[in-house]
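Q: Dropping the structure in here first, questions after.
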Amino acid sequence: MALFDLPIDELREYRSESAEPEDFDAFWSKTLQEAREHDLNARFEPVDTGLTTVRVYDVTFAGFGGHPVKGWFTLPAEVAAPVPVVVEFVGYGGGRGLPHEHLLWASTGRAHFVMDTRGQGSAWGGGGGTADPVGGAPAFPGFMTRGIDAPENYYYRRVFTDGVRAVEAARSHPLADPARTVAVGASQGGGISIAVGGLVPDLAAVAPDVPFLCDYPRAATLTDRHPYREIGNYLKTHRGRTEQALRTLSYFDGVHFAARGRAPALFSAALEDQTCPPSTVFAAFNAWTHDDKTIEVYDFNDHEGGGPYQQAAKLQWLRSRV
């Protein structure tokens, strides 16, 4: 599809109409407080991968509800003193995959932690191994409407909490420098990194690529591509629940987390992206509060965004930050 969203000049000025709940901060403070009542219990088990330039650890830590969450922690082989750490979140349907899929950041001399997304990991890539033991009310297949009946039950309450705990787990390794911690991710991973950027006040940088989970009111009515379409299909069946659903989603909107972003940020958007429409990405970018923020725009790309070009942009951008 050619350009379908707002012109670029309007995108740069666009502001979301998503209404922030009055108790947004209280909701998340209580959520994280409850999670921290469980011992983080981060365990790093060495893995023999056959790779010689890196050391890899199979990680388990306590996420939302104390539930076990998996990850991979990768270090350059010769590191002996604390180094910056890049915490990465993965796209919708994917899992942490296999260790050799994640070599970029360790190749820069940094530590790398990739979080498995609970309940996912069966749609693409090398798979995942983290269960989501929480049940839910009726939902459309996928993850977007799981627990949409109330903010306390919503699926991404658990995932975003896991994301914060993943940062804490990565920082707990003796060779990770907590003061030089970065959150990155693309699509769903970008949305999680925005949420983490709003919930963790002392990150060194955040880099969301073509982020998902932003500006729900616009996204759910602008695109008919999944995963956002899951919301419309749910409401198509459950007539009269639109207000309730949007209220729940407002607690998880990247726009509101961006308004609390206190780290330098590098975003990316693709102007032909029907999965995460550019206006929804700009809604979060324009709301990001830190003055040091940049967005790379890819004029003729869909949800692949900048791909390797954006990876190169991140490598250059982070060089002066961590």
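Q: How far is the Cα center of the range 253-322 from the Cα center of the range 78-100, in Å?
A: Taking the Cα centre of each part, the range 253-322 and the range 78-100 sit 20 Å apart.
Q: Take each of the peptides 35-48, 163-176, average the number of other beta-carbon atoms within 10 Å over its residues, and list them starting from the highest.
A: Descending mean neighbour count gives 163-176, 35-48.
Q: Based on a Kirkwood Rh over C-alpha pairs, give the Stokes-Einstein translational diffusion coefficient of the chain at 25 °C and viscosity 0.890 mPa s in µm²/s. Before the final figure, lay out the partial values.
A: Details: Rh = 19.5 Å.
Translational diffusion coefficient: 126 µm²/s.
Q: So what's the projected area for the range 213-322, the Cα convex hull averaged over all directions, in nm²?
A: Numbers: hull surface 29.1 nm².
Value for the range 213-322: 7.3 nm².
Q: Quick check: the angle from helix 24-35's long axis to the longest principal axis of the chain, C-alpha only, nearest 10 degrees?
A: 40
Q: Looking at the range 172-270, which trypsin sites (Lys or Arg not before Pro) are in a loop (DSSP not H, G, I, E or B) and have at most 13 other Cβ atoms within 10 Å?
A: On the way: sites: Arg180, Arg218, Arg225, Arg229, Lys236, Arg239, Arg241, Arg247, Arg260, Arg262; in loops: Arg225, Arg239, Arg241, Arg260, Arg262.
Answer in residue order: Arg239.
Q: Which percent of the accessible heavy-atom area of the range 163-301 goes to carbon and sulfur, probe 1.4 angstrom?
A: Details: 2060 of 4240 Å².
Taking all protein chains in place, the range 163-301 shows 49 percent carbon and sulfur surface.
Q: Ranked highest first by average number of other Cβ atoms within 10 Å, how do 136-145, 19-28, 249-258 line up?
A: 249-258, 136-145, 19-28
Q: State in Å² the accessible area per residue of the range 209-298; use a 1.4 Å probe, count heavy atoms of protein chains only, and round to the nearest integer. Working shown, then result.
A: Values: 3060 Å² over 90 residues.
Each residue of the range 209-298 exposes 34 Å² on average to a 1.4 Å probe.
Q: Of the DSSP beta bridges with both residues in the chain, give the percent that are antiparallel, rounding to the nearest 5. Intermediate values should be presented prior to the final figure.
A: Values: 18 of 42 bridges.
Of all bridge pairs located within the chain, approximately 45 percent are antiparallel.
Q: Does the range 160-226 come out rounded, prolate or oblate, given a ≥ b ≥ c as the square roots of the eigenvalues of its C-alpha gyration tensor, rounded meaning a/c under 1.5 and, failing that, prolate meaning a/b above b/c? If you can, show how the numbers build up before the last one.
A: Numbers: a/c = 2.90, a/b = 2.79, b/c = 1.04.
Since a/c reaches 1.5 and a/b is larger than b/c, the shape of the range 160-226 is classed as prolate.
Q: So how far, in whole Å, is the C-alpha centre of the range 155-207 from the one of the range 28-70?
A: 12
The values are calculated or read from the model by the stated rules, or taken from the named source; none is laboratory data. No experiment lies behind these values; they were computed from the predicted model shown. Please note: Cβ atoms are built from the backbone with ideal geometry, for glycine as well, and neighbour counts cover all protein chains shown. Just so you know, the surface numbers come from the protein's heavy atoms only, side chains and all, with ligands and any DNA or RNA stripped out. Shrake-Rupley method; radii C 1.70, N 1.55, O 1.52, S 1.80 Å.
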